[in-house]
Amino acid sequence: MSNTILSLRDLRKSFGPADIIRGVNLDLQADERHAFIGPNGAGKSTVFHLISGNLTPTSGDIVFDGHRIGGRSPQEINRLGLSRSFQITNIFPKLTVFENLRLAVMRPHGLQYSFWSFIDRNARIREQTERLMEQVRLQGRATTIAGEMSYSEQRSLEIAMTLASDPKVILLDEPMAGMSNEETAYTADLIREVTQGRALLIVEHDMEVVFSISDRISVLVYGEVIATGTPDEIRNNAKVKEAYLGEEVTA
Amino acid sequence: MKTRIVLVGAGVALLLAAPLLLSQGLVNAAIQMLIAALFACAYNLLCGQAGMLSFGHAAYFGVGAFATVHAMNAIGGTGLLPTPLLPLAGAVGGLGIGAIAGWFATQRTGTYFAMITLAIAELLHALAPHLKGLFGGEAGVSAMRMPALGLTFGSSTQVYYLTLVWVLVSIALLYLYTQTPVGRLTLGLRENGHRLRFLGYDVHKLSVLVFAISAMFSGVAGGLQVINNEAANYVLFDPSLSAAVVLNTYIGGVKVFLGPALGAALMTFFGYAISDLTQSWLLYQGILFVLVMMFMPAGLAGMVGTSSTLRKRYGAAALAPAFVLALLAALCLSCGGAFVVEMLQRMFSQDYRALASANAAMPSPPITLFGVAWSPASVITWLVPASLLAIGGAMAYFTRQRLQALDSQHATGAATANQPHVATTRSAA
């Protein structure tokens, strides 16, 4: 497949004697939305940690956009164009929403070590930050302390931070967890919209969302991918039904 | 914003006029206060803004001091730089050693970071007396301020102005730093360094940078100290200096930019004014620190912020009685506390014990305190501080009641408009 942007080859991770990821193979197309599902403890978040540099693989390859990124630092991987969100909200809780997003927006502008310019004077960064806030419906919250917002607003902020660097690949780890139905519907639309022209790998437990937004789905059970395919193929896969979906989807 | 500019302007004007108003001794104290204020501001960049609690910042103050003293003595005593520029040597020394120490210390965070900074400072403290060439052994290194630019730097007033210019410029630079991209990132470092990595930032490099800048300005403070004292000794590396800057910074308040400067200036002044009056100054310093941490963890500057928030919410008129009550409570409690401390200190002093055992007929001779002779065996003596403490405690209790009453009135009266809160939290940040 020539259009592959991220591929995992026989990826393994052990913690001491415990083999958590036991040979995962996965190809992510440059413009597809790909969901990662599986029962609790299957290792979905661990795979995300391996891809994003939070953990070092025990063996196997992770190739992103022609670079072997297995074991590289999170900041290197991010700069290559891969950005992620976290299952447990991971923001700057005592800073304002605007400040949270601005920190995320600044990096691609190369302002990492700049102490000869004033950040408030940078119109481009301000505009981009404001645009992101509008995109996730937080424009009225610019001066609110991020940690004081509702849980779902914090999740929206986290998605906006993930988008800030205009990445080629986005990893979202349970972005809808803890959201109401209305918020989930909005966030699903949002994810569809903002992932136009990029690849998305998403872990989500809301099956309705998974089947509606994904082009393809991979099922992870006990550290192995037992099936990959379109939503219809996964729905009708006997192995998947047995291992995970059960009556939830057939009903 | 406007009131802030006016306040800063007034403060600077007052500092400029200070030598005209103060005695020679107070000018010397003012120099110490300015140096301590700069040191605390430099420290707060690391501690308050970047969230890295260093327990060994005396190291960079000391390195700056020794770099400056050697620069003064360079080229046969004429000095590497003209006298007004000498603190630059301290800056370079602080920056260099800070970058090296920071590279190691910032490999870890939290407690481990604190322990590494402590170890580095102790290393320098232990090494310094043995490296006679560099640190002058027990005696230290002395130097002379050379005349430059038509100024002799012979009087305290001239040294005061030299110190003032350096401190104001340094604090201004530290403030401007907070407005730059890297200054904002520093706050991100405090809040969530882990997230910064996943936004593409090299957190270790950033931490070393912040550490080195903090050490650089600490070095300037050390350099100013040497220019003032014309000597440097390995005692500069003493852990008590590292502890003092932590206490000053927290007493002043880490969340407000000028808080640490305020705390350091006040504590230095008290140290100067009170250490002649009492032998228990360190005890008072400790009590003050504990009280601040217990009852107003945002520090003195944080208290100013809180009271202005309250004033906006309830109005000055409604708040005035509570404010007066709080002031009286503080006064009564400090008088009562000071009475007890001073009385006990005298009672347990060796002189007094010797006096008491010498005269068997009078086992507890009276003690003179605040111009009155008190008998330690008499109940009345102890009733004085006890009643002061009781009255103070009661007034503190009523202040609290009063504030709670205001709060519940406000909650029922204006449940609709709760917006000012947002504005105040932003200005505090």
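FYI, it's all coordinate maths here, none of it is from the lab. The structure presented is a predicted model; accordingly, all values stated were derived computationally and were not measured. Please note: Cβ atoms are built from the backbone with ideal geometry, for glycine as well, and neighbour counts cover all protein chains shown.
Brief remarks follow.
- Residues A:Phe211, B:Phe153, B:Phe39, arranged from fewest to most other Cβ atoms within 10 angstrom of their Cβ, appear as A:Phe211, B:Phe153, B:Phe39.
- Annotation: aspartates and glutamates with alpha-carbon distance below 13 angstrom to A:Lys241 (same-chain offsets under eight excluded): A:Asp232, A:Glu233.
- Proximal charge balance of A:Gly71 [Cβ under 13 Å; K/R count +1, D/E count -1]: +2
- Counting only Cα atoms, the stretch B:2-283 measures 55, 51, 42 Å along its principal axes, largest extent leading.
- Ascending count of other beta-carbon atoms within 10 Å, so fewest first, for A:Ile77, A:Ile159: A:Ile159, A:Ile77
- Inter-centroid distance (Cα atoms) of the stretch A:191-238 relative to the stretch B:375-413, Å: 65 Å
- Extents of the protein assembly as shown, largest first, come to 102, 70, 54 Å (Cα atoms, principal axes, whole angstrom).
- Approximating the spin labels as points 7 Å out from Cα along Cα→Cβ, the A:Thr56-to-A:Asp10 distance works out to 2.0 nm.
- Nearest 10 degrees, 0 to 90: helix A:123-135 Cα axis against chain A principal axis: 50 degrees
- Between B:Thr152 and B:Leu21, the modelled label-to-label distance comes to 2.8 nm, taking each label 7 Å out from Cα in the direction of the beta carbon.
- Measuring nothing but alpha carbons in the stretch A:109-251 and taking Rh as the Kirkwood radius, the Rg to Rh ratio lands at 1.07.
- Peptide A:94-100 - average C-beta neighbours from other chains (10 Å radius): 4
- Diffusion constant of the stretch A:92-166 at 20 °C, which comes from Stokes-Einstein with the Kirkwood Cα-pair radius and 1.002 mPa s, µm²/s: 174 µm²/s
- Rounded to whole Å, sorted largest first: equivalent-ellipsoid semi-axes of the stretch B:310-414, Cα gyration tensor: 44, 11, 9
- Residue among B:Pro365, B:His410, B:Val384 farthest towards the positive dipole end of the stretch B:310-414, charges placed on Cβ: B:His410
- Separation of alpha-carbon centers, the stretch A:1-54 and the stretch B:238-297, rounded to whole Å: 53 Å
- In the protein assembly as shown, the DSSP-assigned H stretches of four residues or longer account for a calculated mean residue ellipticity at 222 nm of -19000 deg cm²/dmol, using -39500 (n - 2.57) per stretch and the full residue count as denominator.
- With semi-axes defined as the square roots of five times the eigenvalues of the C-alpha gyration tensor, the equivalent ellipsoid of the stretch A:57-185 measures 25, 22, 12 Å, largest first.
- Of the residues A:Tyr113, A:Phe98, A:Gly140, the one whose Cα sits farthest toward the positive end of the charge dipole of the stretch A:92-166, with +1 on the Cβ of Lys and Arg and -1 on the Cβ of Asp and Glu, is A:Tyr113.
- Distant alpha-carbon pairs in the stretch A:154-200 (separation over 18 angstrom), percent: 22 percent
- Distance cut-off 34 Å, percentage of C-alpha pairs in chain A lying past it: 18 percent
- Kirkwood hydrodynamic radius (C-alpha pairs) into Stokes-Einstein, the stretch A:31-133, 37 °C and 0.692 mPa s, D in µm²/s: 203 µm²/s
- Violating pairs (Cα-Cα greater than 30 angstrom) within the set A:Lys168/A:Lys239; A:Lys44/A:Lys239; A:Lys13/A:Lys94; A:Lys94/B:Lys2: A:Lys168/A:Lys239; A:Lys13/A:Lys94
- At 0.692 mPa s and 37 °C, Stokes D of the stretch B:94-179 from Kirkwood alpha-carbon radius, µm² per second: 198 µm²/s
- Beta bridges by DSSP in the protein assembly as shown, antiparallel share as percent, to the nearest 5: 65 percent
- Each Lys and Arg adds +1 at its Cβ and each Asp and Glu adds -1 at its Cβ; summed about the Cα centre, the stretch B:2-283 shows a dipole of about 800 debye.
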